[in-house]
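The values are calculated or read from the model by the stated rules, or taken from the named source; none is laboratory data. Computed from a predicted structure; not experimentally measured. Cβ placement follows ideal geometry from the backbone for every residue including glycine, while neighbour counts extend to all protein chains displayed. Calculation scope for accessible area: heavy atoms of the full protein, side chains included, ligands and nucleic acids excluded. Shrake-Rupley method; radii C 1.70, N 1.55, O 1.52, S 1.80 Å.
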Amino acid sequence: MISFFCPPTPEAEPILMHLNGKTISRAEFEYRLNKDRKQNLKGKELKTYLEGYVLEQIKVSAAEQAGLDTLPAVRNLLANYRKQLVGQYITDGRSDEDKAKELYNIKRQQKGSEEVQIVQIFQPLVQTASSQVIEATKLHIDSIYSALQRDPKLFGEMTRRFSTKKDTIWVTALDCPEIIEKHAFGMNINEFSEPFYSPAGVHIIKVIGKRDIAPYEQILPELIKQANNTTTGENKNGPTIERLKREMNYTAYNEALSEIRRNGETTKTLFTLDGKAFTGQDFKRFAEVHPMEISAQLEAFVTKSLFDRESQKISSCHPELGLRLKSYRDELLSKEEDKIATTAPDSVALQNFFLKNQSNYRWSTPRFNGALFECIDKKTGKKIKKILRKQSEENWAKLIEPFNKTTERIKLTQAIFKVGDNAHVDALAFGGPDTASAQLPYAFVLGKKQKSPTDYKDVKDKVRNDYQKYMKEEWIDHLKTITKVEISEEVLKTVNNH
């Protein structure tokens, strides 16, 4: 039910429509219009586009009423998209190549042009590992390290026995986590590290080679991947982190930080962001699910706190972010609603639909509905004919299996054939010229000629597609009848013209 209304008073952001009590602003519609590159539409063309937009909003409303927006899969998609958008805004919206070049230069300045070859003893730890699991893993890796200190030649054997990562790899400061970089690039060849934690688990690494770093162009894809990776701790040396610290008046309390590095805990304030205190208790909760070295944990905690706080502030600073998120959400929920309308039908529904619309599925020329049997000789053909007598078509393929144990003696092709599909069928069912195969020279067919399909299975794909289209149209018509839509013509006139 669509009607038109005039807003009683001017508003900061004009309302274009009301839909089941929900307001949709002009800005929301303009964003979608411009996103689809339809910003120049006027008159009837604009109204036609609006009809499609209204239909999407009707489906979004229905999806919300059905609770589809609360499905875990939908919520995860929305959360990941928001994280991606926020990351783009936090990094100033620079291009991937700009960020990659900056990262490459930073790393070259820090570590020069070196790559390091390492092998490691690694045991994984999930982020949700219990304190008991973490302690057991620590005791095990410490015992391995003690054995290596007594006999460094055991490294290869320990890797084979206890490491889940046994490959020898080349790493650069560009493509490994900060904590691995810290150890790998600080050692000489044949030296190995003390046990240390990363977000993935616990490591002991050994350096076994060094060489010059690859040129920028050669590793650009990996640079882009690294530059866009804003996961905990991996961007701590980047200019974005330093910018956020300045903008949020980051103030570190060195006494408390020293205490936590020394004792592993504190009750004091570690740092503040915009005057908000982040304490040792906050850090403790973070550290419980991010096992790694204490210094790396602190750096990761600061980074996460900066990004979380910026994420909270960014919507008010960038209203277009909200429009992008809503547009993505609307499209997502609309597609979810479509899935309901096009749920796979059962065979009874398809057959009933076929019978009601049988005239739509007539063939322009006759078909042969059945099977072609190509046999190695006439004797085999007669034998299989006798076996197939009074047997269901569904069992034919299984019944010829014993004939083909050592070599193919019978080839079966089941289908609905039209003239030209198969030369054998043309000859045997449609009176075409005789033909024979050198390998399987004797052929016969079982089935019948039909002028039109008699069962939905004869044209199953077309019937299924038509049925789902029909059900979707019926569902949309139903939604339209139960949805009240009011559109402001005055506001519509000002779209992209204000």
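Worth a mention:
- Some residue of segment 455-471 being in a loop (DSSP other than H, G, I, E, B), open to solvent by less than 60 Å² (accessible area, probe 1.4 Å) and closer than 30 Å to MET17 by Cβ: no
- Test result for THR266, open to solvent by less than 30 Å² (accessible area, probe 1.4 Å), without any contact (Cβ under 8 Å) to a residue 60 or more places away in the chain and in contact with a Gly (Cβ under 7 Å, 6 or more places away or on another chain): yes
- Residue satisfying condition, being over 29 Å from LEU85 (Cα atoms), within 33 Å of the chain's Cα centre (by Cα), hydroxyl-bearing (Ser, Thr, Tyr) and assigned to a loop (DSSP other than H, G, I, E, B), within set THR266, THR343: THR343
- In this entry, THR269 passes the filter for residues that are modelled with pLDDT of 90 or more and among the β-branched types (Val, Ile, Thr).
- Looking only at segment 20-75, and only at residues there that are in contact with an Asp or Glu (Cβ under 8 Å, 6 or more places away or on another chain) and among the aliphatic types (A, V, I, L, M), the one that is farthest from LYS339 (Cα to Cα): ALA27
- Residues (modelled with pLDDT of 80 or more and surrounded by fewer than 18 Cβ atoms within 10 Å (Cβ to Cβ)) located in segment 197-219: ILE208, GLY209, LYS210, ARG211
- Being open to solvent by 30 Å² or more (accessible area, probe 1.4 Å) and touching a residue at least 12 places away in the same chain (Cβ under 8 Å) is a property that VAL445 has.
- Residues located in segment 338-395, provided they are open to solvent by 90 Å² or more (accessible area, probe 1.4 Å), within 21 Å of VAL425 (Cα to Cα) and touching a helix residue (DSSP H, G or I) at 6+ places or on another chain (Cβ under 9 Å): LYS383
- Close pairs from segment 12-35: first over 14 Å from LYS493 (Cβ atoms) and aromatic (Phe, Trp, Tyr), partner open to solvent by 30 Å² or more (accessible area, probe 1.4 Å) and not in a strand (DSSP E or B), Cβ under 7 Å, at least 6 apart: TYR31/LEU323
- Only one of SER305, SER327 that is in contact with a Phe, Trp or Tyr (Cβ under 7 Å, 6 or more places away or on another chain) and free of Cβ contacts under 8 Å to residues at least 60 places away in the same chain: SER305
- Members of segment 436-454 that are assigned to a strand (DSSP E or B) and touching an Asp or Glu at 6+ places or on another chain (Cβ under 7 Å): TYR442, ALA443
- Taken over segment 472-494, the criterion of being of a type in the set (S, T, N, Q) and either open to solvent by 80 Å² or more (accessible area, probe 1.4 Å) or in a helix (DSSP H, G or I) (or both) is satisfied by THR481 alone.
- Out of GLU28, GLU51, GLU45, GLU13, sole residue that is modelled with pLDDT under 85 and open to solvent by 20 Å² or more (accessible area, probe 1.4 Å): GLU13
- Every condition in (1) of a type outside the set (D, E, K, R); (2) open to solvent by 40 Å² or more (accessible area, probe 1.4 Å); (3) outside any strand (DSSP E or B); (4) in contact (Cβ under 8 Å) with a residue 60 or more places away in the chain is met by PRO433 except one, and the failing one is (4).
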